[in-house]
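Before any comments, here is the structure.
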Amino acid sequence: QTHRIEIVRLLEEALDPPTDAWGIDIQRVELSDIVLPKNLTRAMAIESEAHRRAKAKMIEADGEKQAAATLAEAANMLSSDPNAMQLRFLQTLTNISAEKNSTIVIPFPSELSTAASAFTNATNAYA
């Protein structure tokens, strides 16, 4: 409605000067219906859709940023205590084992294997 009033005011301003020269005074301008060309309507729809998509991408990027910050905070908390990392590892194994037909592969650090071999060799040397 406010746009319609503004358009009427602009039309009155545009029509007044040329008609004054003829002695005609415009008293009132009314708009009953405004029909936009199909090409303009289509262009406006495309622009609106592009705006919605851009806004959705910004919201998604903001969510990703917040998730990354939360993950970084969790990593800092876990790295501050070695036991916390081990507990998280065990919790993950528990979650995986709750699923049916799952095979769990546990990574075994090579340092432990080397240490175990050295210990076994040292024990056998003294025996």
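Computed from the coordinates by the stated procedures, all read-outs in this text should not be read as laboratory data. In this text the structure is predicted, and so the values were computed from the model without any measurement. Note that we place each Cβ from the backbone using ideal geometry, even for glycine, and neighbour counts take in every protein chain shown.
Name the shape class, rounded, prolate or oblate, that the alpha-carbon gyration tensor gives for the range 1-72, where a ≥ b ≥ c are the square roots of its eigenvalues, rounded holds for a/c under 1.5, and otherwise prolate holds if a/b is larger than b/c and oblate otherwise. Prolate shape, in that a/c is at least 1.5 and a/b is the bigger ratio. Note on the chain: with charges restricted to the Cβ of Lys and Arg (+1) and Asp and Glu (-1), its dipole about the Cα centre is near 760 debye.
Counting only alpha carbon atoms, the long axis of helix 38-80 and the longest principal axis of the chain meet at about 30°.
Of the trypsin sites (Lys or Arg not before Pro) in the range 41-120, the ones in a loop by DSSP (not H, G, I, E or B) with at most 15 other beta carbons within 10 Å are 100. Seen against the Cα atoms of the chain and their longest principal axis, helix 2-20 is set at about 30 degrees. Give a quick list of GluC sites (Glu not before Pro) in the range 24-127 that DSSP marks as loop, anything other than H, G, I, E or B, with at most 13 other Cβ atoms within 10 Å. For GluC sites (Glu not before Pro) across the range 24-127 that sit outside H, G, I, E and B with at most 13 neighbouring Cβ atoms in 10 Å, the list reads 30, 99.
Please compute one quarter of the surface area of the Cα convex hull for the chain and express it in square nanometres.
Working: hull surface 79.2 nm².
So the Cα hull casts an average projection of 19.8 nm².
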